[in-house]
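Taking it in order: structure first as structure tokens, then the write-up.
The values are calculated or read from the model by the stated rules, or taken from the named source; none is laboratory data. In this text the structure is predicted, and so the values were computed from the model without any measurement. FYI the Cβ positions are ideal-geometry reconstructions off the backbone, even for glycines, and counts take in every protein chain you see.
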Amino acid sequence: MVLLIFLVIAVLAIPSFKPDGVAVAYVAPDSQFFETLQPGSMINSINGVTITTLDEYAAEFSKLKIGENVTLDIEGIQYKTPVEPNPRNQEMGYIGINVMTTKSTKLEQGLDLQGGARVVLRPVPANESAIVDDELIDTTTSVLMARMNAYGLKNVVIRKIQDVNGLTYVEVEMAGEGSENVVDIVKSVGLFELKVLNETIITGDSIVPPIGEPQRDSRSGLWQIAFAINNDGARTLRESYVEMAPQTPTVCTTDEDCEPSYACSRGAAAGSCLPKIEMFLDDALQYSAPPAQALFETWKYGEESKNLLVQTNKFEDAQKVKIVLEAGRLPKDVKELRVFSQDYVDSKLGAGFVRGAIYAGLAAIIAVFLVVLIRYRKMKVVLPIIFVDVAELVIIIGFAAMIKWSIDLPAIAGMIAVLGTAVDQQIVITDQILSGEYEQSYNLKKSVKTAFKIVIIAASTTIAAMIPLAYPGFTGLYALRGFAIVTILGVLIGLLITRPAFARMIEILLGE
């Protein structure tokens with residue numbers, strides 16, 4: 001009865017109970033739906049046309065023209081929005097929503113099954129002979145996690161790993177939609193500098209969060225990120241710029257009228273040749289322009305401005321600037337994040353891994369069935385063994401679904417290992433019962449107790465062997481953590497639930 005109760009709970013925990021269809025996978029920050037729609041929301045129709053597959057969604061979306069309004073039915077609520085040019089391709093429509101097919105289960109998939117990116121890096125101090133200590137690694141890890149949280153990417157794992165020489169690295173795993181776009185954000189040191197005439201005026205220390213969302217300027221077509229600086233930064237910027245600017249700027253109408261490092265300011269009347277304000281992120285120029293003429297005049301009269309804008313040509317660059325500025329930079333003594341390995345897993349390849357894992361599991365169950373059938377030649381022994389094994393796997397999967405634990409290839413390998421361990425222990429129980437004089441109830445119970453002594457010892461040794469792998473701080477073998485956790489979980493479920501249930505089945509079937 002206990003086994004059946006846990007089995008029913010696990011079976012009910014696995015399905016998502018959502019109908020087949022199309023759902024929101026990711027909402028871009030520049031979309032009007034940002035912070036309105038949540039990933040997983042069902043898209044029922046586009047302009048009244050029912051949507052049930054990704055192909056139908058793509059077909060209807062391809063009919064939309066830039067500038068037209070589109071009406072989306074999402075979870076029964078009507079949303080109306082204009083179709084804008086795609087930041088990556090101006091000829092394509094864009095509403096800032098990525099879609100996916102609805103998930104039939106609540107199971108979370110790891111990097112190797114869902115697709116994503118993995119980066120292993122190490123902070124490099126400005127003085128390369130300096131020691132990279134645990135404090136620097138921990139700070140780097142905290143900054144990277146803040147960036148991932150700002151990006152909104154799920155299924156992110158950031159951890160410390162060590163090589164055989166004892167050197168510590170930071171490994172970042174990102175599974176799911178958009179992972180490949182975040183690699184540049186991960187590798188960024190986050191050094192922000194505002195320069196005038198090649199002289200650094202203020203750095204990222206002067207920035208006051210939060211940072212504004214990327215917005216597109218309708219006149220220039222550039223992406224803008226608004227941010228504020230503190231009082232000291234505003235005063236330093238004003239004083240330094242006024243001191244560097246010429247007392248009597250040259251009148252101009254275009255930038256060609258000015259010398260290098262200068263540009264023509266914009267205003268109601270003719271502009272002036274003023275020094276460019278250049279904004280750098282990790283030594284890469286993000287924005288270069290002089291202040292507006294009106295702003296320059298207010299600076300000369302002593303007024304300060306705390307609000308600034310960064311402009312970029314691409315949305316991806318603007319998003320990177322926004323996330324890096326908001327999460328902050330790495331410690332000042334870090335010169336770069338050196339990448340030691342970087343790899344991607346395509347989502348289609350991950351789907352192939354899932355199919356392979358399912359085939360492997362079915363093959364294992366069939367192989368176990370044949371071996372046990374050859375050994376006992378009694379279906380009333382073979383069927384309980386197979387039933388209990390399958391029930392144990394279902395309970396493990398149901399537990400993973402309830403706690404939102406990501407299943408990866410090592411975890412699947414652990415399930416197959418659990419299958420073998422379960423059969424071994426059930427054979428011990430069966431053989432002890434068959435070899436005993438079970439005509440009397442006392443001898444039958446004694447045989448079961450003897451079998452369970454063996455099972456408990458075997459389970460204990462398995463758990464002891466898996467603990468170092470389950471806690472990779474001992475070994476650094478993070479790739480095998482899923483295997484160890486599933487094995488331990490399977491052994492505990494077997495010891496507390498499925499083995500007693502199987503013993504009771506065999507007592508009933510063989511002890512008559």
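Residues A263, A226: which one is touching a Lys or Arg at 6+ places or on another chain (Cβ under 6 Å) and part of a strand (DSSP E or B)? I'd like the intermediate steps shown before the answer.
Values: A226 fails: touching a Lys or Arg at 6+ places or on another chain (Cβ under 6 Å).
Result of the check over A263, A226: A263.
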Pair list, Cβ under 7 Å, 6 or more apart: region 388-413 residue in the same structural domain as F502 (by TED's automatic domain parsing) and at positive phi, other residue crowded, with 20+ Cβ neighbours inside 10 Å and of a type outside the set (G, A, S): K404/E108
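Kindly establish whether A464 is surrounded by 19 or more Cβ atoms within 10 Å (Cβ to Cβ) and modelled with pLDDT of 80 or more.
Numbers: surrounded by 19 or more Cβ atoms within 10 Å (Cβ to Cβ): no; modelled with pLDDT of 80 or more: yes.
Criteria not met by A464.
Kindly state which helices (runs of 4 or more DSSP H) lie completely within region 286-387 and contain at least 3 residues that are β-branched (V, I, T), surrounded by fewer than 19 Cβ atoms within 10 Å (Cβ to Cβ) and at pLDDT below 80. Can you show your working first?
On the way: elements: 293-300, 315-327, 347-376.
Per the criteria, no element qualifies.
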Residues located in region 197-212, provided they are touching a residue at least 40 places away in the same chain (Cβ under 8 Å), in contact with an Asp or Glu (Cβ under 7 Å, 6 or more places away or on another chain) and buried (at least 17 other Cβ atoms within 10 Å of the Cβ): I211
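Go through region 167-196 and give me each residue that's among the acidic types (D, E), modelled with pLDDT of 75 or more and in contact with an Asp or Glu (Cβ under 9 Å, 6 or more places away or on another chain).
Initially, region 167-196 is screened for residues among the acidic types (D, E), giving 171, 173, 177, 180, 184, 193.
Filter once more, keeping what is modelled with pLDDT of 75 or more: 171, 173, 193.
Listed by number, the list holds a single entry, E193.
So which residues in region 266-285 are in a loop (DSSP other than H, G, I, E, B) and more than 30 Å from D333 (Cα to Cα), if there are any at all?
The initial filter retains those residues of region 266-285 that are in a loop (DSSP other than H, G, I, E, B), namely 266-270, 276, 282-283.
Correct list: R266, G267, A268, A269, A270.
Give the residues of region 217-234 that are buried (at least 16 other Cβ atoms within 10 Å of the Cβ) and either under 19 Å from W299 (Cβ atoms) or among the basic types (K, R) (or both), sorted by residue number. Spell out how you get there, then give the answer.
Initially, region 217-234 is screened for residues buried (at least 16 other Cβ atoms within 10 Å of the Cβ), giving 222-225, 227-229, 233-234.
Matches in region 217-234: F227, A228, I229, G233, A234.
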Qualifying position, being out of contact with any strand residue (DSSP E or B) (no Cβ under 9 Å at 6 or more places or on another chain) and free of Cβ contacts under 8 Å to residues at least 12 places away in the same chain, among E304, E239, E256: E239
Test set (1) at pLDDT 80 or above; (2) over 27 Å from the mean Cα position of the chain (by Cα) - V164 fails condition number: (1)
Leading residue by the ranking (farthest from the chain's Cα centre (by Cα)) among those in region 58-83 that are surrounded by 14 or more Cβ atoms within 10 Å (Cβ to Cβ), touching a residue at least 24 places away in the same chain (Cβ under 8 Å) and under 14 Å from Q32 (Cβ atoms): V70
All positions within region 100-123 that are surrounded by fewer than 19 Cβ atoms within 10 Å (Cβ to Cβ) and either free of Cβ contacts under 8 Å to residues at least 24 places away in the same chain or not charged (D, E, K, R) (or both): M100, T101, T102, S104, T105, V120
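Consider E278 carefully, then state whether it is out of contact with any Gly (no Cβ under 7 Å at 6 or more places or on another chain), farther than 30 Å from N149 by Cα and among the acidic types (D, E).
Criteria not met by E278.
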